[in-house]
Amino acid sequence: MNAMKNRVQLIGNVGSDPEIKTLENGRKLAHVTIATNDKYTNDKGEKVEQTEWHRVTAWGKTAEIIEKYVVKGKEVAIEGKLTHRSYDKNGEKRYVTEVVVNEILLLSK
């Protein structure tokens, strides 16, 4: 049951080309956004499509795969964990929720 704690799986389309950083130790860091779509019928019988945007972060080998193969519009499946962090910018506290990727699967050609 422990493996199910804080586990996120998403299939969606990449919203923009990945942002890649190489840290001082040579380790790669990738940031990318993924859009997921949900379609449903509301109370009035109208079809509604709702898009959710997810901030995704990857480290090391996974970041290298993203750098090499992932571009805007590509369909991907990711598995990772949900994280929350905060930082100060110009004296204002900012909050970030993101998925830290453990695995990525490239779905589109």
**Asked** Does LYS28 satisfy the condition of being modelled with pLDDT of 95 or more, over 21 Å from TYR95 (Cβ atoms) and basic (Lys, Arg)?
**Response** yes
**Asked** GLU92: of a type in the set (Asp, Glu) and within 25 Å of ASN37 (Cβ to Cβ), yes or no?
**Response** no
**Message:** One residue is enough: does the range 10-20 have a residue meeting the conditions over 21 Å from LYS81 (Cα atoms) and in a strand (DSSP E or B)?
**Reply:** no
**Asked** So how many residues does the range 87-109 have that are part of a strand (DSSP E or B) and farther than 25 Å from ILE66 by Cα?
**Response** 6
**Item:** Subset tally (residues that are assigned to a loop (DSSP other than H, G, I, E, B) and surrounded by 14 or more Cβ atoms within 10 Å (Cβ to Cβ)) for the range 45-76
**Value:** 2
**Request:** Could you grab me the full set of residues in the range 39-92 that are among the aliphatic types (A, V, I, L, M) and farther than 23 Å from ASP17 by Cβ?
**Result:** VAL48, LEU82
**Item:** Considering residues of the range 18-44 that are of a type in the set (Gly, Ala, Ser) and in contact with a strand residue (DSSP E or B) (Cβ under 9 Å, 6 or more places away or on another chain) only, the residue surrounded by the most Cβ atoms within 10 Å (Cβ to Cβ)
**Value:** ALA30
**Asked** So is ALA35 within 14 Å of the chain's Cα centre (by Cα), part of a strand (DSSP E or B) and over 21 Å from ASN6 (Cβ atoms) or not?
**Response** yes
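The values are calculated or read from the model by the stated rules, or taken from the named source; none is laboratory data. Since this is a predicted model, take the numbers as computed values, not measurements. All Cβ positions, glycine included, derive from the backbone under ideal geometry; neighbour counts span all protein chains shown.
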